[in-house]
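Take a look at the structure set out below.
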Amino acid sequence: MDWQTLLFSFRGRINRAKYWLALLVFLVAGIVLELVGWATGDGVTFQILSFVVNLAVLIATIAVAIKRLHDRDRSGWWLLLFYGGPGVVIIIGLLIFWAAADAVGMTAAWANLGLRLCLVGGFALGIWGFVEIGCRRGTAGYNLFGPDPLKPRLLPAHR
């Protein structure tokens, strides 16, 4: 698999090693971008470069995570739960239990308990996503999304 397919294709499967390698590449890209910004200043040219690089890293991160979910025999739509779910649960907790507690007559103790439960729930969703995408082995053999990336493909013999 070439780099363009690894980073920008939303089809197929990748194993954990390629996933973590891609995340390492994103980390290095971020460090290099920060060093370039530090060396050149925050001019308009750097702001445009930073936007383009960060957009490419965002798209590549989503593509790599979707391929990891495919390796786990899950749809890429699970990424909405793992990436967006923690934020949604925490925002709901903030709106309901912190901002609107007085409006509904909730005591501070119950509001704090509800907010803490939402924070724990959001954190638990994030941990579940981390384990599911980054730590668990993919399904063995062929699945809905393609062949096992760990199983070597036999090339036809040339005569």
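So here's what we get for this one:
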{"quantity": "Close pairs from the stretch 22-34: first touching a residue at least 12 places away in the same chain (Cβ under 8 Å), partner of a type in the set (Ser, Thr, Tyr) and part of a helix (DSSP H, G or I), Cβ under 9 Å, at least 6 apart", "calculated": "22/61; 23/61; 26/61; 33/50"}
{"quantity": "Qualifying position, being surrounded by 12 or more Cβ atoms within 10 Å (Cβ to Cβ) and assigned to a helix (DSSP H, G or I), among 39, 101, 17, 22", "calculated": "22"}
{"quantity": "Single residue of the stretch 1-14 satisfying the filter (part of a helix (DSSP H, G or I) and open to solvent by 40 Å² or more (accessible area, probe 1.4 Å)) that is nearest to residue 147 (Cα to Cα)", "calculated": "5"}
{"quantity": "Counted residues, the stretch 42-60 - those being open to solvent by 90 Å² or more (accessible area, probe 1.4 Å) and either over 15 Å from the mean Cα position of the chain (by Cα) or among the polar types (S, T, N, Q) (or both)", "calculated": "6"}
{"quantity": "Residues of the stretch 110-149 classified as at positive phi and in contact (Cβ under 8 Å) with a residue 60 or more places away in the chain, total", "calculated": "1"}
{"quantity": "Residue 71 vs. criteria free of Cβ contacts under 8 Å to residues at least 60 places away in the same chain and among the charged types (D, E, K, R)", "calculated": "no"}
{"quantity": "Hits in the stretch 113-148 - residues which are part of a helix (DSSP H, G or I), open to solvent by 40 Å² or more (accessible area, probe 1.4 Å) and among the hydrophobic types (A, V, I, L, M, F, W, C)", "calculated": "113, 117, 119, 120, 123, 124, 127, 128, 130, 131, 135"}
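The values are calculated or read from the model by the stated rules, or taken from the named source; none is laboratory data. These numbers were taken from a predicted model, which means no experiment stands behind them. Reconstructed Cβ throughout: ideal geometry from the backbone, glycine too, with neighbour counts over all protein chains shown. The protein model used for the area step is the full one, side chains on, heavy atoms only, and it has no ligands, DNA or RNA in it. Shrake-Rupley method; radii C 1.70, N 1.55, O 1.52, S 1.80 Å.
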